[in-house]
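Following: one structure in structure tokens, then a few remarks.
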Amino acid sequence: MGRNHEKLHNNLEEHRKASGYTQKDLSLAADVSRKSINAIENGIYIPSTVLALKIAKTLNCTVEELFELPNLKKH
């Protein structure tokens, strides 16, 4: 699993590489900067819903395959 933000775990780097995309390729397809893709992969930035959907569509997977909530305590 990639480097994760405390509020969101992601598998973006693994899916991106498996799909044959560079960060630059994915950034162009999703209409964001390469730095944004890097920040998401490194758990620094949580993408918007729109951006997450664009990335998932580009990588031909679901948002849930790319991003997941960490285990949350049940009340």
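Computed values, structure above
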read-out	value
Cα→Cβ-extended label distance, 7 Å offset, between residue 48 and residue 6, nm	2.5
Separation in nanometres of the label points that stand 7 Å from Cα toward Cβ, at residue 57 and residue 39	2.2
Cα point-scatterer Debye curve for the chain, base-10 log of I(q)/I(0) at q = 0.11, 0.14, 0.19, 0.25 Å⁻¹	-0.24, -0.38, -0.69, -1.20
Residue order, fewest to most beta carbons within 10 Å, for 34, 16	34, 16
Per-pair calculated FRET efficiency, R0 = 22 Å: residue 64 and residue 28 via Cβ, rounded to 0.05	0.35
Lysine pairs in the chain with Cα atoms under 24 Å, if 8 or more residues apart or on separate chains	14
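Every number in this text was worked out from the coordinates using simple rules, so none of it is lab data. The structure displayed is predicted, hence computed values, not measured ones. As a convention, Cβ positions derive from the backbone with ideal geometry for all residues, glycine included, and neighbour counts pool all protein chains shown.
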